[in-house]
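*Asks:* This is the structure I have questions about; it appears just below.
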Amino acid sequence: MYDIGVIHGRFQVPHNDHLKYLLVGKALCRHLIVGITNPDPSLTVDTASDRKRSSALANPLTYYERLVILRDVLLEAGINQTRTTIVPLPITHPELYRHYVPLDAVFLLSICDDWGRHKLSQFQALGLRTHVLWDVPPDQKGISGTEVRQAMIDDHPWEHLTPAATVRHCRAWNIAERLRTIRNVE
C-alpha cells in the first residue's frame, strides 16, 4: 500500500468506469489525491495524441461541478472523505504539478491509448513514481465520457452508465441542454 497516490482524469462526465478506476486507486493508497485535469480553459491545450480532449464539447463541466460530483460519488461509494483530496491538475503543464500535488506520491494511471502512454512517459521523464493500474487496447477501455455525453445530447438513456450522484447533479444543472448548446455553437 502506498502512503499517498495521485490519480487523475477529466471526469467529463463522471461515469461508472471512472468510479471503478478511483476505487482501484484508493485501494492501493492510504490517501488518494484525485486530480481533475483540464480544470479551466486557460490550462487546457491541444495534445497531439488526442486533439478532441481540449474541445468545449469534451469539457462541458466546470472544475467546481466535477469536484462536487466526484465528492458525492466517492461519498456514496463509502470512501471516507478524510482519505481523499480533490484538486485541479493541469496535466498538460507538468511544470505546474508541484503547485497542486506532492511529487513524492505515486502517480496512478490507466493506459488505453496513445494519450495514456504519453502521460506515463511524461511522468517517468519527470522522475515521478508511477503505477499502471491497467494497460488495455482502446476497444477494451469500457465506458467513455464521449459515449455518455453523446447519449445526453441525443436524449438517449445515459443514467445507467453513471453513478447516482452524477445523474442527480447533471439533471439539476441541465448538462444535456448545455451539451446541445455547445454542439450548436461549434
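*Asks:* Under a 5 Å amide H to amide H cut-off, with H placed in plane at 1.01 Å, what residues pair with Arg10 once short-range neighbours are removed?
*Replies:* Thr37
*Asks:* When the helices in the chain are scored as -39500 (n - 2.57) per DSSP H run of 4 or longer and the sum is shared across all residues, what 222 nm value do you end up with, to the nearest 500 deg cm²/dmol?
*Replies:* Taking each H run of at least 4 residues, the total per residue is -11000 deg cm²/dmol.
*Asks:* Right, another one. What residue among Ala105, Ala125, Ala56 shows peak mean-square fluctuation when the chain is described by a Gaussian network model with Cα springs under 10 Å?
*Replies:* Ala125
*Asks:* Ok, one more. Provide the net charge surrounding Lys141, with neighbours chosen by a C-beta distance below 12 Å and charges set as Lys +1, Arg +1, Asp -1, Glu -1.
*Replies:* With Lys, Arg at +1 and Asp, Glu at -1, the neighbours total -4.
*Asks:* Could you work out the Rg to Rh ratio of the range 49-160, with Rh taken as the Kirkwood radius (inverse of the mean 1/r over all Cα pairs)?
*Replies:* With Rh from the inverse mean 1/r over Cα pairs, Rg/Rh is 0.96.
*Asks:* Can you classify the range 146-186 as rounded, prolate or oblate using the Cα gyration tensor, where a ≥ b ≥ c are the square roots of its eigenvalues, rounded means a/c under 1.5, and otherwise it's prolate if a/b beats b/c and oblate if not?
*Replies:* Note, shape of the range 146-186 comes out oblate.
*Asks:* Could you give each residue of the range 103-113 its phi-based ³J(HN,Hα) in whole Hz, using Karplus coefficients 6.51, -1.76, 1.60 with θ = phi - 60°, and x for Gly or Pro?
*Replies:* The phi angles translate into 6, 8, 6, 8, 9, 9, 7, 10, 10, 9, 6 Hz.
*Asks:* Given Cα pairs under 8 Å that are at least 6 residues apart, what percent is the relative contact order of the chain?
*Replies:* 27
*Asks:* Among Leu67, Leu108, Leu96, determine the one that fluctuates most according to a GNM of the chain built with springs between C-alpha atoms less than 10 Å apart.
*Replies:* Leu96
*Asks:* Using Cα-Cα distances under 8 Å and only pairs 6 or more residues apart, what relative contact order does the range 116-186 have, in percent?
*Replies:* With pairs under 8 Å counted, the relative contact order is 23 percent.
*Asks:* If you don't mind, another one. Using just the Cα positions, wrap the range 103-163 in a convex hull and report its mean projected area in square nanometres, one decimal place.
*Replies:* Reported value for the Cα convex hull: 5.4 nm².
*Asks:* Which ³J(HN,Hα) values, rounded to whole Hz and listed in residue order, are derived for the range 60-75 from phi using the Karplus coefficients 6.51, -1.76 and 1.60 in 6.51 cos²θ - 1.76 cosθ + 1.60 with θ = phi - 60°, glycine and proline given as x?
*Replies:* Computed from phi, the couplings for the range 60-75 are x, 8, 6, 4, 4, 4, 5, 4, 4, 4, 4, 4, 6, 4, 5, 4 Hz.
*Asks:* Further question on the same structure: Skipping prolines and chain starts, which residues have an amide H placed within reach, meaning under 5 Å, of the one on Cys29, given they are 5 or more residues away or on another chain?
*Replies:* So Cys29 has HN proximity to Tyr2.
*Asks:* Can you compute 3J(HN,Hα) from phi for each residue in the range 143-151, using the Karplus curve 6.51 cos²θ - 1.76 cosθ + 1.60 with θ = phi - 60°, rounded to whole Hz and x for Gly and Pro?
*Replies:* Calculated HN-Hα couplings, in order: 5, 10, x, 4, 4, 5, 4, 5, 4 Hz.
*Asks:* How about Lys141: which aspartates and glutamates have a C-alpha closer than 20 Å to its C-alpha, ignoring those fewer than 8 places off in the same chain?
*Replies:* Lys141 reaches Asp17, Asp50, Asp113, Asp114, Glu159.
Laboratory data are not the source of any read-out in this text; all were calculated from the coordinates shown. Predicted model only: the values in this text are computed from it and were never measured. Positions of Cβ are backbone-derived with ideal geometry, glycine not excepted, and every protein chain shown enters the neighbour counts.
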